[in-house]
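Trainee: Below you will find the structure I want to go over with you.
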Amino acid sequence: MDTIADIITSIRNADMDRKVTVRIASTNITENIVKILLREGFIENVRKHQESNKYFLNFRWYGDCNSFYFERYNDRPRSSPRKNWWRNFVLYMGVLPGMKEQKWIHEGLITESLPNGMFRVRLDNENMILGYVSGKIRRSFIRILPGDRVKIEVSRYDSTKGRIIYRIRNKDSNN
């Protein structure tokens, strides 16, 4: 799981439940992230406590309980800098809502057609991966056949699957 996303979700859930204290499981990564948030002034009163044989971090976050959601959905102007905690936190951490993970783009050759828009693709570095057709290609009714060269987007986390994002035209064909 993504640790930063877990912390943000915990804060957001506490905000929706009208709570100002947040409780998360303690690991080395979460402790370091909480230290950064504490140093930058997004949270306060960090305490580590033990229940049975597990450690938890409790902290208080800045912002009144309905700051982000209430103002966002009612389009009221934000008056206090404390009410901008979510935007400031997101900008500080370098992640924006809706921001996607970075992917590697490779070129490859379709070797086999599988059911449901899936293909076996041999990349230029001789790796064989499973490729599926992206939505734009599916919507445009672009046909992909064995023997076609394609551009494929591969996740950094799972290099066995990829999304086919472009069919490279052959030099001898007109389409």
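Trainee: Of all the helices (runs of 4 or more DSSP H) wholly in region 11-103, which have at least 2 residues that are over 30 Å from Tyr157 (Cα atoms) and at pLDDT below 75?
Mentor: 67-74
Trainee: Pull up region 128-174, narrow it to residues that are more than 26 Å from the chain's Cα centre (by Cα) and acidic (Asp, Glu), then point me to the one that is most open to solvent (accessible area, probe 1.4 Å).
Mentor: Asp172
The values are calculated or read from the model by the stated rules, or taken from the named source; none is laboratory data. Keep in mind it's a predicted model, so treat the numbers as computed, not measured. The accessibility values were calculated without ligands, DNA or RNA, using every heavy atom of the protein model including side chains. Shrake-Rupley method; radii C 1.70, N 1.55, O 1.52, S 1.80 Å.
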